[in-house]
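Right, one structure below, let's go through it.
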Amino acid sequence: MIGYGSDVPPNVEVRRSSRRRRTVSAYRDGEKVVVMLPSRLSKAEEEQWIETLLHRLAERERRRRPSDADLHARALDLSRRHLGGRAVPASVRWVDNQHARWGSCTPDDRTIRLSTRLRGMPSWVLDYVLVHELAHLLIPGHGPDFWALVGRYPKSERARGYLEGVAATAHLPLAAADDEPDVLAPTHHSAAG
Ligand SMILES: [Zn+2]
């Protein structure tokens, strides 16, 4: 965390209220961030709270909209936790040209791409897509060994149900099976029963 010293950043508006005795909060309002604080704080306490709240807000926003670097770090962590660290992607990034796929991977150069349509979905769904594509770095097809590997991620079945529900609601075309694996391929549905 980077401290702000004694200066409040220019895009931060501090609102003090005598009625706010215990609660503090921060939220984004267009270009600026509004920090709500009780009016009776000392200058030092105020600075401390502003720093803490801005940090929390940034964390919250980052979790909601992870960057490519965040995705990569998350994929490495998921690989470590569920795949014994064997799947090591060279890069993981968002793409917005995958309309019929949630994710894809190219084992040759170990790159993984996720559809930006996953943004805003629960993190366990995003994690499932990452695990799925990570597993493809180790196993290309959708055979039983592949699903056994993906099944190590505890919320796999639930996440697949979630994505199928989203696809059904949005009337998205299911991707035809091709050489590039994808999460919506019809073969995926057979294992769900
Ligand atoms: Zn697949």
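Selection among VAL35, LEU53, VAL24 by position relative to the dipole of the stretch 12-64 gives VAL24 as farthest towards the positive end (Cβ unit charges, Cα centre).
For VAL33, the residues whose modelled amide H falls within less than 5 Å of its own, excluding neighbours fewer than 5 places apart on the same chain, are VAL12, GLU13.
Note on SER18 and THR169: the model spin-label points, each 7 Å out from Cα along the C-beta direction, lie 4.7 nm apart.
Charging the Cβ of each Asp and Glu at -1 and of each Lys and Arg at +1, and nothing else, the dipole of the stretch 78-171 about its Cα centre rounds to 260 debye.
What number comes out for accessible area per residue over the stretch 12-64 if the probe is 1.4 Å? Units Å², please. Kindly include the intermediate steps, with their values, before the conclusion.
Details: 3800 Å² over 53 residues.
Per-residue accessible area for the stretch 12-64 comes out at 72 Å².
With a 1.4 Å probe and every protein chain kept in, tell me what percent of the accessible surface of the stretch 77-164 is carbon plus sulfur.
On the way: 1930 of 3830 Å².
Exposed carbon and sulfur together represent 50 percent of the surface.
Under a 5 Å amide H cut-off, with hydrogens placed 1.01 Å from N, SER25 pairs with MET36 among residues at least 5 apart or on other chains. The share of accessible area on the stretch 12-64 that comes from carbon and sulfur is 45 percent, using a 1.4 angstrom probe.
Each Lys and Arg adds +1 at its Cβ and each Asp and Glu adds -1 at its Cβ; summed about the Cα centre, the stretch 12-64 shows a dipole of about 340 debye.
The values are calculated or read from the model by the stated rules, or taken from the named source; none is laboratory data. Computed from a predicted model, the values in this text were never measured in an experiment. Glycine gets a Cβ as well: all are built from the backbone with ideal geometry, and neighbour counts include every protein chain shown. All accessible areas refer to the heavy atoms of the entire protein, side chains included, with ligands and DNA or RNA removed. Shrake-Rupley method; radii C 1.70, N 1.55, O 1.52, S 1.80 Å.
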